[in-house]
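Just so it is clear, none of the values below were taken in a lab; they were calculated from the coordinates. Nothing here was measured: the structure is a model prediction, and the numbers come from that model. When we count neighbours, we look across all protein chains shown, and the Cβ atoms used for this are built from the backbone with ideal geometry, even at glycine.
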Amino acid sequence: AQSVTQLGSHVSVSEGALVLLRCNYSSSVPPYLFWYVQYPNQGLQLLLKYTSAATLVKGINGFEAEFKKSETSFHLTKPSAHMSDAAEYFCAVDHGGTSYGKLTFGQGTILTVHP
Amino acid sequence: KAGVTQTPRYLIKTRGQQVTLSCSPISGHRSVSWYQQTPGQGLQFLFEYFSETQRNKGNFPGRFSGRQFSNSRSEMNVSTLELGDSALYLCASSLGARANEQFFGPGTRLTVL
């Protein structure tokens, strides 16, 4: 069964510091992977997606993620944190096959950015 | 292009009642997925509709149902509400293929008293 594990439910960084949010997945088929961000009282916004093209994926707001098949990981990074990056981040995997429209999400990581 | 809209944004119901939530997808999107988000269980998939047909369903009791109309708008219904149904209900629309990203609405916050 496909699953997603996000290591660290809370991550705290200083403004200007590197952001690293970890995501590991398990999938019986080549995965399609996504990172979403959720601000308080809002829906989810797509940051980036991996769909078997380039392993290094660039997204919006300076975020990027690298797909590493050998490590079954898809960690999200940003070189320099901004106060506006404070939010909850979700990694998700598309099951594929006949599991239409279903994303399996990790438990989320709350990012706090200190001035 | 307008985003995904959900109505109402907030609902308060009592146990035993039923509720209907509405979702209007992005124009041209034929797939609508529904998710329940709670602090304890996180984001869980409810079901997906494509061209008025339910293609996939998550592990939720039969009290949770949905439908999709010819204009791709979707509704979900929860009957005989329980306290545990209190959650943020999110719908997402997409073009329907596996590689297509899902675009989420702002959600409906349901509180069951």
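Averaged across B:37-43, how many Cβ atoms of other chains sit within 10 Å of each residue's Cβ atom? If you can, show how the numbers build up before the last one.
Numbers: counts 6, 0, 1, 0, 1, 8, 11.
Mean number of neighbouring Cβ atoms from other chains: 4.
Please state the charge dipole magnitude for chain A, taken about the Cα centre, from unit charges on C-beta atoms (+1 on K and R, -1 on D and E), reported in debye and rounded to the nearest 20. Walk me through the numbers before you get to the answer.
Numbers: 7 positive and 7 negative charges, 48 e Å.
I would put it at about 220 debye.
How large is ³J(HN,Hα), in whole Hz, for each residue of segment A:2-10 in order, when computed from phi with the Karplus curve 6.51 cos²θ - 1.76 cosθ + 1.60 and θ = phi - 60°, using x for Gly and Pro?
Each residue of segment A:2-10 in turn: 6, 8, 9, 10, 9, 7, x, 7, 9 Hz.
Of the candidates B:28, B:84, B:62, which one comes out as most mobile in a Gaussian network treatment of chain B with C-alpha springs shorter than 10 Å?
The residue that fluctuates most here is B:62.
Taking the Cα centre of each part, how many Å lie between segment B:49-85 and segment A:15-57?
27
Around residue B:11, what is the net charge, scoring Lys/Arg as +1 and Asp/Glu as -1 over all other residues with Cβ under 12 Å from its Cβ? Provide the component values of the computation, followed by the final result.
Working: positive: B:9, B:13, B:109; negative: B:85.
Residues close to residue B:11 contribute a combined charge of +2.
Over all alpha-carbon pairs of segment B:26-78, lay out the pair-distance distribution in 5 Å bins, whole %, shortest bin first.
Percent of pairs per bin, in order: 5, 21, 29, 23, 14, 6, 2, 0.
For chain B, take the alpha-carbon Rg, divide it by the Kirkwood Rh, and send me Rg/Rh.
On the way: Rg = 13.2 Å, Rh = 13.9 Å.
In chain B, Rg relative to Rh is 0.95.
Equivalent ellipsoid semi-axes for chain A, as square roots of 5 times the alpha carbon gyration tensor eigenvalues: give them largest first, rounded to whole Å.
Working: eigenvalues 114, 42, 29 Å².
One finds semi-axes of 24, 15, 12 Å for chain A.
Which of A:69/B:57; A:49/B:1; B:13/B:57; A:49/A:102 have a Cα-Cα distance over 23 Å?
Details: A:69/B:57 29 Å; A:49/B:1 21 Å; B:13/B:57 25 Å; A:49/A:102 15 Å.
Result: A:69/B:57; B:13/B:57 exceed 23 Å.
Summing +1 for each Lys or Arg and -1 for each Asp or Glu, what net charge is found among the other residues whose Cβ lies under 11 Å from the Cβ of residue B:86? Write out the running numbers ahead of the final one.
Numbers: positive: B:13, B:15, B:109; negative: B:82, B:85.
Combined, the nearby Lys, Arg, Asp and Glu give +1.
Provide the packing ranking of A:11-19, B:95-103, i.e. peptides ordered by the mean count of other C-beta atoms within 10 Å per residue, highest first.
On the way: A:11-19: 14.3, B:95-103: 16.9.
Peptide ranking by packing, descending: B:95-103, A:11-19.
To the nearest 0.05, how large is the calculated FRET efficiency for residue A:77 and residue B:59 if R₀ is 45 Å and r is the Cβ-Cβ distance?
Working: r = 33 Å, r/R0 = 0.74.
After rounding to 0.05, the efficiency reads 0.85.
Can you tally the net charge around residue A:34? Count Lys and Arg as +1, Asp and Glu as -1, for every other residue whose Cβ sits under 13 Å from the Cβ of residue A:34. Each step should come with its number before you reach the end.
Numbers: positive: A:49, A:102, B:98; negative: A:94, B:101.
Counting the neighbours of residue A:34, the net charge comes to +1.
So what's the Cα pair-distance distribution over the protein assembly as shown, bin width 5 Å, in %?
1, 7, 15, 19, 19, 17, 12, 7, 3, 1, 0
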